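The values are calculated or read from the model by the stated rules, or taken from the named source; none is laboratory data. Not measured: the values here are computed from a predicted model. Every residue, glycine as well, gets a Cβ built from its backbone with ideal geometry; the counts of neighbours run over all protein chains shown. Protein only, heavy atoms only, side chains kept; ligands, DNA and RNA dropped before computing areas. Shrake-Rupley method; radii C 1.70, N 1.55, O 1.52, S 1.80 Å.
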Amino acid sequence: MLVLALDTSTPAVTAALGEVTDSGMKGIAERRTVDPRAHGERLAPQVQLVLDDAGVRPRELTAIVAGLGPGPFTGLRVGLATAAAMGQALGIPAYGICSLDALGRAAGPGRVLVATDARRREVYFATYSGGVRVSGPDVAKPAEVLVEADRAVGEGALKYSEVFGIPIDDRLLYPPGEALIALAAEQILRRAPGDPLTPLYLRRPDAVEPAARKTVLP
């Protein structure tokens, strides 16, 4: 079962292809471009390149997995809208996975803090034990994060490494597409209905509705 994974929850634009079988998940191809201002322009070419790398046509896909965030509003919705549109066009289910969970799974054994950059001098974070989330996700200033881990991963962890005060694995900064697929493998194998792909923003977008106009007449 060929599965495409997409994630735009961080400055990285990621597309990956994997094969899910009863014996597990095998990664086939993955492409990533780090460009925080061009998610909309970069994602479609990344998808095409991944499919071309593997010699796979869109109609051969069985499912799509998308990173739900948490992440900034504009970038995150690009990946989710693309996943939903492709799933609808191809008639295949789309599943949503917390993007931090992909980092937590890829980090492997031990107790790990996952932190990505939330801007405004804040981080999105969660804690994992053996790849399983035990707290979070949440958003806070780095100094307000309760660090109950032996090491940390994610671009936010690297950016605020002096604040967290634990070893940082700088080889794992962005959610791996293959980990997203692995986390959705059970749903894929049992052909579960697709998810609604509700984004994890964790805070309100900057844009707000304007207040009602005030009259200047007496």
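Worth pointing out:
- DSSP H segments from the chain that extend 18 Å or more along their own axis, Cα-based, with Kyte-Doolittle mean of 0.0 or above: 73-90
- Whole-angstrom gap from the stretch 65-102 to the stretch 120-181, using each part's C-alpha centre: 21
- For the chain, accessible area per residue (1.4 Å probe, heavy atoms of protein chains only), Å²: 52
- The chain: relative contact order in percent, alpha carbon pairs under 8 Å with at least 6 residues between: 22
- Computed over the stretch 101-151, Kirkwood Rh from alpha-carbon pairs, angstrom: 10.7
- Relative contact order %, the stretch 68-186, counting alpha carbon pairs below 8 Å whose residues are six or more apart: 24
- Here, the stretch 127-185 is characterised by an Rg to Rh ratio of 0.97, where Rg is the alpha-carbon radius of gyration and Rh the Kirkwood radius.
- Sites listed here are trypsin sites (Lys or Arg not before Pro) in the stretch 72-126 whose DSSP assignment is loop and whose Cβ has at most 12 other Cβ atoms within 10 Å: Arg120, Arg121.
- In the stretch 118-171, the GluC sites (Glu not before Pro) that fall in loop regions by DSSP, at most 14 other Cβ within 10 Å: Glu148
- Put a plus charge on the Cβ of each Lys and Arg, a minus charge on the Cβ of each Asp and Glu, and nothing anywhere else: the dipole of the chain about its Cα centre is then about 620 debye.
- For Cα extents along the principal axes in Å, calculated from these coordinates, the label among [x] 51, 42, 34; [y] 50, 39, 28; [z] 67, 52, 29: [z]
- Surface share of carbon and sulfur [accessible, 1.4 angstrom probe, percent] for the chain: 51
- Taking amide H positions as modeled 1.01 Å from N, with prolines and chain starts lacking one, the residues under 5 Å from Asp138 and 5 or more places away or on another chain are Phe125.
- When the surface is traced with a 1.4 Å probe over the full set of protein chains, Ile168 keeps roughly 50 Å² accessible.
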